[in-house]
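Okay, so here's the structure we're looking at.
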Amino acid sequence: MANVVVVYHSGYGHTQRVAQQVAQGADAELLAIDADGNLAEGGWETLAGADAIIFGTPTYMGGPSWQFKKFADASSKAWFSRGWQDKVFGGFTASASLNGDKGACLIQLQTLASQHGGLWVSLGLLPANGSAASRADVNNLGGSVGLLVQCASDAGADQIPAGDLETARRYGERVAAVAAKFKG
Ligand SMILES: Cc1cc2nc3c(=O)[nH]c(=O)nc-3n(C[C@H](O)[C@H](O)[C@H](O)COP(=O)(O)O)c2cc1C
């Protein structure tokens, strides 16, 4: 079994709930980036030992939160030593609007993984985009690069649509399965 770590920032709990779903699917360890953009003691060592790393951030102003970006910039230490080379990577983001520029945010996560020489895992699920589709369906937002989650701006994390939560769980499963294949 692969060792998967979900490292995420969440300002108001939405991304945290998604991270929990992804971690459940992947049987992964959760690693929070705090409100100052830092990891708890031992966090970098945990990431160094991972077979797969899944990045999570809310979309703020069309990109990752500044706390996530601080983490991303701090990961340049691992970049210098190629510490994350050939690890498996995935990523997700949550935002309030149906579109909300989540795609632009995900591309930044994919680029971060690529800077590290990682192997990016796509969402791998067909979109539910027929006329009968609803927000209770898996991949109703029609993502492909990674996991997209939407929750209304006045709704709490407990109101994230069921379809998005199930999509999150399945994406976690997929990243873990890919990582296990590479581990052999
Ligand atoms: C500073 C800020 C910027 C935001 N920018 C966007 C945005 O660009 N697109 C969008 O759809 N939602 C945006 N939102 C809404 C959040 O993405 C959304 O509420 C998300 O669920 C918050 O996740 P969190 O609770 O994990 O922080 C923004 C919220 C904040 C506080």
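Read-outs throughout are calculated quantities, based only on the coordinates presented, and are distinct from any laboratory measurement. Computed from a prediction, not measured in an experiment: that's the story for all the values here. In this analysis, Cβ positions are derived from the backbone assuming ideal geometry, glycine residues included, and neighbour counts consider all displayed protein chains.
Could you sort the peptides 170-176, 75-81 by per-residue average Cβ neighbour count (10 Å cutoff), highest mean leading?
Top of the packing list down: 170-176, 75-81.
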Segment 132-146 - phi-based ³J(HN,Hα) in whole Hz, Karplus 6.51/-1.76/1.60, Gly and Pro as x:
8, 5, 9, 6, 8, 8, 5, 6, 5, 7, x, x, 9, 5, x
What is the angle, in °, between the Cα long axis of helix 102-115 and the longest principal axis of the Cα atoms in the chain? Nearest 10 is fine, range 0 to 90.
20 degrees
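Roughly how big is the chain's charge dipole about its Cα centre, with Cβ charges of +1 (Lys, Arg) and -1 (Asp, Glu), in debye to the nearest 20?
Numbers: 13 positive and 16 negative charges, 92 e Å.
Using Cβ point charges on Lys, Arg, Asp and Glu, the chain gives about 440 debye.
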Taking 4 °C and 1.567 mPa s as the conditions, I'd like the Stokes-Einstein D for the chain in µm²/s, using the Kirkwood hydrodynamic radius from alpha carbon pairs.
81 µm²/s
Between helix 162-183 and the chain: long-axis angle, C-alpha atoms, 0 to 90°, nearest 10
30 degrees
Please compute the net charge surrounding residue 117, taking Lys and Arg as +1 and Asp and Glu as -1 over other residues with Cβ under 11 Å from its Cβ.
+1
Out of 136, 78, 155, whose Cα points farthest toward the positive end of the dipole of segment 4-183 (charges: +1 Lys, Arg; -1 Asp, Glu; placed on Cβ)?
78
Based on the mean of other beta carbon atoms within 10 Å per residue, what is the order of 99-105, 149-155, 131-137, 66-72, most packed first?
66-72, 99-105, 149-155, 131-137
Per DSSP H run of n ≥ 4, the term is -39500 (n - 2.57); total these for the chain, divide by its residue number, and report the mean residue ellipticity at 222 nm rounded to 500 deg cm²/dmol.
-11500 deg cm²/dmol
Cβ neighbours within 10 Å, averaged per peptide: list 42-53, 4-15 in order, most packed at the top.
4-15, 42-53
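Once the other residues with Cβ under 11 Å from the Cβ of residue 137 are scored (Lys, Arg +1; Asp, Glu -1), what is the net sum?
That works out to -1.
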